[in-house]
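The values are calculated or read from the model by the stated rules, or taken from the named source; none is laboratory data. Quick caveat, the model's predicted, so the values are computed rather than measured. Here Cβ is always computed from backbone atoms with ideal geometry, including for glycine, and neighbour counts include all displayed protein chains. To get the accessible areas, we keep the full protein, side chains included, count just its heavy atoms, and leave off ligands, DNA and RNA. Shrake-Rupley method; radii C 1.70, N 1.55, O 1.52, S 1.80 Å.
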Amino acid sequence: MKVLVVGGGGREHAIIMKLAESPRISKLYCAPGNGGIAKYADCYPVAATDLDGMLALAKELAVDWVFVAPDDPLVLGMADLLRENGFKVFGPSKAAAIIEGSKVFSKNLMKQYGIPTAGYEVFTDADSAIAYLKEQNSYPTVIKADGLALGKGVIIAQNEDEAVAAVRSMMEDKIFGESGSRLVVEEFLTGPEISVLAFTDGKTVAPMISSMDHKRALDGDNGKNTGGMGTVSPNPYYTDAIAEECMQNIFLPTVNAMNAEGRSFRGCLYFGLMATPKGVKVIEYNCRFGDPETQVVLPMLETDLMDIMEAVEAQTLAELPMQWKQGACACVIMASGGYPEAYQKHKAIAGLETNGQHKKAAVYHAGTLLEDDVFYTNGGRVLGVTAGADTLEDALAKAYAAVREISFEAAHWRTDIGKRALEAKG
């Protein structure tokens, strides 16, 4: 079979590397792809959000499957368009992708169907939001843009000045575009965060191995929110008891709620969770594989990803036993200096082999460009340096050993990825 993967980041590189293991796949394509992906799939310069362009490419390449990986094209309805034109697709419909596309929708869904989440209010104008914040006078508080914002549309305000500035920047300055035209002001929850990706065909939920993301740019969970600076898997806070609690109170109720709303979800549903003193609560949903969670979850998968894609589309997931590797996996993101704010591109990367890899770790390219057999930086998050081992300590040691041997001008990475997980393990 021939498979086209939509997207061009580290998540897509991890998906392609896993699909490349399948004996059932004869050819891999990616659009738009990146420098590292180009070593494993034929890349085409079609933007991930170009629905008509992607349909034309799928037809031209006569692919059997399209794997729509990013949120934007799913929310725009790319999966629907491709299915209408006879292609098999991994990814939810536009109607189902709203679970990530609108924070207001997802919060209202949880309230209506009794799925545990933080208390919240929705606002459509800045003055009302600011009046509410002053009336509540409870900090820290969480302010979220309603729509997609590259994983950065959440601001945790520590005081009134920060909260007012966040509201004005989102609603009046439009720092996230139209995504900030509605806001959710949310209760601040405490406890360890847990990321769980799950395959679902709209009936069965098959959770993947848990992971722990590190969103802040700097060590010690300081600095601005990013798309993610590293991940480890499994998450030590995700015990068997918590897994069962999540299945009964969150995973199945969410899929059932979407069915009740006429928005059956088929694809990968991401649950961003927090284990609070009052039980596990949902922080957010994503309608696709998380980035960089995918980089530590998919390497642990032993079952053929192609088989899973078919079972999800055919709604036969319950009949497919899923196998996972033992041990642990760790990913350290090497980012451009200045990320998540202004940064420079086109810095030559040293220390990679000709195929963009490293002998000590798997290197998932997030923002790279390949010119004349040289890899250059081409984004904020550049590389996801990933290693697996029997223990998390060994996985982290291997990943950081590779990071130290890879370099580019102003490279930045956190030095404490996995520290909280190791402390939790005791």
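Which one is modelled with the lowest pLDDT, of the residues in the range 146-160 that are within 20 Å of residue 214 (Cα to Cα) and in contact with a strand residue (DSSP E or B) (Cβ under 8 Å, 6 or more places away or on another chain)? Don't jump to the end; show me each part of the working.
The initial filter retains those residues of the range 146-160 that are within 20 Å of residue 214 (Cα to Cα), namely 148-158.
Checking the rest, the ones that are also in contact with a strand residue (DSSP E or B) (Cβ under 8 Å, 6 or more places away or on another chain) come to 151-157.
Values: 151: 72, 152: 76, 153: 88, 154: 89, 155: 90, 156: 91, 157: 94.
Only one residue tops the list, namely 151.
In this structure, is residue 29 open to solvent by 50 Å² or more (accessible area, probe 1.4 Å) and either touching a helix residue (DSSP H, G or I) at 6+ places or on another chain (Cβ under 7 Å) or aromatic (Phe, Trp, Tyr) (or both)?
no
Among (1) over 22 Å from residue 417 (Cα atoms); (2) over 22 Å from the mean Cα position of the chain (by Cα); (3) surrounded by 18 or more Cβ atoms within 10 Å (Cβ to Cβ); (4) not hydrophobic (A, V, I, L, M, F, W, C), which single condition is residue 358 missing?
(1)
Return yes or no: is residue 318 in contact with a helix residue (DSSP H, G or I) (Cβ under 7 Å, 6 or more places away or on another chain), more than 29 Å from residue 382 (Cβ to Cβ) and in a helix (DSSP H, G or I)? Quick ask: steps written out before the conclusion?
On the way: in contact with a helix residue (DSSP H, G or I) (Cβ under 7 Å, 6 or more places away or on another chain): no; more than 29 Å from residue 382 (Cβ to Cβ): yes; in a helix (DSSP H, G or I): yes.
Spelling it out, it is not the case that residue 318 is in contact with a helix residue (DSSP H, G or I) (Cβ under 7 Å, 6 or more places away or on another chain), more than 29 Å from residue 382 (Cβ to Cβ) and in a helix (DSSP H, G or I).
Restricting to the range 80-97, name every residue that is surrounded by 19 or more Cβ atoms within 10 Å (Cβ to Cβ) and touching a residue at least 40 places away in the same chain (Cβ under 8 Å).
Scanning the range 80-97 gives 89, 90, 91, 92, 93, 96, 97.
What is the number of the single condition among (1) among the small types (Gly, Ala, Ser); (2) modelled with pLDDT under 95; (3) buried (at least 21 other Cβ atoms within 10 Å of the Cβ) that residue 163 does not meet?
Every condition holds for residue 163 apart from (2).
Just checking, how many residues over the range 376-406 are out of contact with any Gly (no Cβ under 8 Å at 6 or more places or on another chain), assigned to a strand (DSSP E or B) and farther than 12 Å from residue 417 by Cβ?
Here the count works out to 0.
Evaluate the following for residue 344: is it under 22 Å from residue 385 (Cβ atoms), at pLDDT 95 or above and open to solvent by 40 Å² or more (accessible area, probe 1.4 Å)?
Working: under 22 Å from residue 385 (Cβ atoms): yes; at pLDDT 95 or above: yes; open to solvent by 40 Å² or more (accessible area, probe 1.4 Å): yes.
So residue 344 passes the test.
Just the residues that are open to solvent by 10 Å² or more (accessible area, probe 1.4 Å) and in contact (Cβ under 8 Å) with a residue 40 or more places away in the chain, please, taken from the range 64-77.
If the condition is that a residue be open to solvent by 10 Å² or more (accessible area, probe 1.4 Å) and in contact (Cβ under 8 Å) with a residue 40 or more places away in the chain, then 64, 70, 71, 72, 75 are the ones that fit.
Which residue out of 66, 104 is among the hydrophobic types (A, V, I, L, M, F, W, C) and under 19 Å from the mean Cα position of the chain (by Cα)?
Values: 104 fails: under 19 Å from the mean Cα position of the chain (by Cα).
Exactly one of 66, 104 is among the hydrophobic types (A, V, I, L, M, F, W, C) and under 19 Å from the mean Cα position of the chain (by Cα), namely 66.
Consider residue 130 against the criteria (1) of a type in the set (Val, Ile, Thr); (2) open to solvent by 10 Å² or more (accessible area, probe 1.4 Å); (3) closer than 30 Å to residue 301 by Cβ: it satisfies all of them except one. Which criterion is unmet?
Tallying (1) of a type in the set (Val, Ile, Thr); (2) open to solvent by 10 Å² or more (accessible area, probe 1.4 Å); (3) closer than 30 Å to residue 301 by Cβ, residue 130 fails exactly one: (3).
Check whether at least one residue in the range 376-388 is modelled with pLDDT of 95 or more, at negative phi and exposed (fewer than 14 other Cβ atoms within 10 Å of the Cβ), and report yes or no.
No, the range 376-388 has no match at all.
Within the range 166-204, which residues are without any contact (Cβ under 8 Å) to a residue 60 or more places away in the chain and buried (at least 21 other Cβ atoms within 10 Å of the Cβ)? Spell out the reasoning first.
Of the residues in the range 166-204, the ones without any contact (Cβ under 8 Å) to a residue 60 or more places away in the chain are 166-181.
Result: 166, 167, 170, 171, 179, 180.
Considering only residues of the range 222-244 that are open to solvent by 60 Å² or more (accessible area, probe 1.4 Å) and not in a loop (DSSP other than H, G, I, E, B), which is modelled with the lowest pLDDT?
224
How many of the residues in the range 261-281 are assigned to a strand (DSSP E or B), under 26 Å from residue 190 (Cα atoms) and in contact with a Gly (Cβ under 7 Å, 6 or more places away or on another chain)?
Residues that pass the stated criteria total 4.
Scan the range 410-426 residue by residue and report those that are open to solvent by 40 Å² or more (accessible area, probe 1.4 Å) and assigned to a helix (DSSP H, G or I).
Keep residues of the range 410-426 that are open to solvent by 40 Å² or more (accessible area, probe 1.4 Å), which gives 410, 412-413, 415, 419-420, 422-426.
Once the filter is applied, which keeps residues that are open to solvent by 40 Å² or more (accessible area, probe 1.4 Å) and assigned to a helix (DSSP H, G or I), the range 410-426 yields 419, 420, 422, 423, 424, 425.
From the list 310, 371, 405, 319, which one is farther than 21 Å from residue 293 by Cβ and under 23 Å from the mean Cα position of the chain (by Cα)?
None of the other options fit; the residue is 310.
Against the definition (touching a residue at least 24 places away in the same chain (Cβ under 8 Å), of a type in the set (A, V, I, L, M) and surrounded by 22 or more Cβ atoms within 10 Å (Cβ to Cβ)), how does residue 301 come out, yes or no?
In short, no.
Which residue pairs have Cβ atoms closer than 8 Å, lie 6 or more positions apart in sequence or on different chains, and pair a first residue in the range 213-229 that is at positive phi and in contact (Cβ under 8 Å) with a residue 40 or more places away in the chain with a second residue that is surrounded by 14 or more Cβ atoms within 10 Å (Cβ to Cβ) and part of a strand (DSSP E or B)?
From residues that are at positive phi and in contact (Cβ under 8 Å) with a residue 40 or more places away in the chain, the pairs are 228/213; 228/333; 228/381.
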